[in-house]
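The values are calculated or read from the model by the stated rules, or taken from the named source; none is laboratory data. In this text the structure is predicted, and so the values were computed from the model without any measurement. When we count neighbours, we look across all protein chains shown, and the Cβ atoms used for this are built from the backbone with ideal geometry, even at glycine.
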Amino acid sequence: MKSLLFFLIILVMFSCNKDKVGGNVPFPDVQCADSVSFSSDILPIIQDNCTGCHNNQNGYTLTNHQNISANYSAIVGSMKGNGFQLMPQGGPALPDSLIQKIQCWVNQGRKNN
């Protein structure tokens with residue numbers, strides 16, 4: 001009986017440990033030195049580069065926190081050309097520093113600040 005209990009405890013410990021790899025953030029390899037603000041950092045990036053086409057048209061509406069937060073994976077994926085068409089359409093691709101800022105905002109909890 002003791003050995004079965006010991007086995008179950010070890011099994012639970014190792015299976016839970018595997019789930020914690022990456023720190024529970026979508027972009028674990030991104031280093032974020034500063035806190036990122038939605039209103040002063042993220043929204044201007046989206047407005048300058050995305051809402052020309054994605055303003056109640058072309059599949060995504062990226063005009064407010066709720067829609068941007070809900071579609072962060074597609075936004076970053078398209079900015080990197082990773083599983084999505086590279087955006088902004090017609091290029092050039094956004095600088096890595098802007099994409100990283102969005103990834104940091106996501107890792108910091110996609111706050112509406």
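Hey, can you tell me all the residues within the range 69-95 that are at pLDDT below 95, closer than 18 Å to VAL30 by Cβ, of a type outside the set (Gly, Ala, Ser) and surrounded by fewer than 13 Cβ atoms within 10 Å (Cβ to Cβ)?
Passing the criteria: only ASN82.
Taking the range 40-56 as the region of interest, how many residues are within 14 Å of ASN67 (Cα to Cα) and either in contact (Cβ under 8 Å) with a residue 24 or more places away in the chain or not β-branched (Val, Ile, Thr) (or both)?
8
State whether one or more residues within the range 105-112 are of a type in the set (Phe, Trp, Tyr) and surrounded by fewer than 16 Cβ atoms within 10 Å (Cβ to Cβ).
No: the range 105-112 contains no residue that is of a type in the set (Phe, Trp, Tyr) and surrounded by fewer than 16 Cβ atoms within 10 Å (Cβ to Cβ).
If we scan the range 43-55, do we find a residue that is hydroxyl-bearing (Ser, Thr, Tyr) and modelled with pLDDT of 95 or more?
No; the residues of the range 43-55 include none that is hydroxyl-bearing (Ser, Thr, Tyr) and modelled with pLDDT of 95 or more.
Could you check PHE7 against (1) modelled with pLDDT under 95; (2) in contact with an Asp or Glu (Cβ under 7 Å, 6 or more places away or on another chain) and say which number it fails?
Only one criterion is unmet by PHE7, namely (2).
Can you find, within the range 57-101, the residue that is farthest from the chain's Cα centre (by Cα) among those that are more than 23 Å from SER35 (Cβ to Cβ) and in contact (Cβ under 8 Å) with a residue 24 or more places away in the chain?
GLN89
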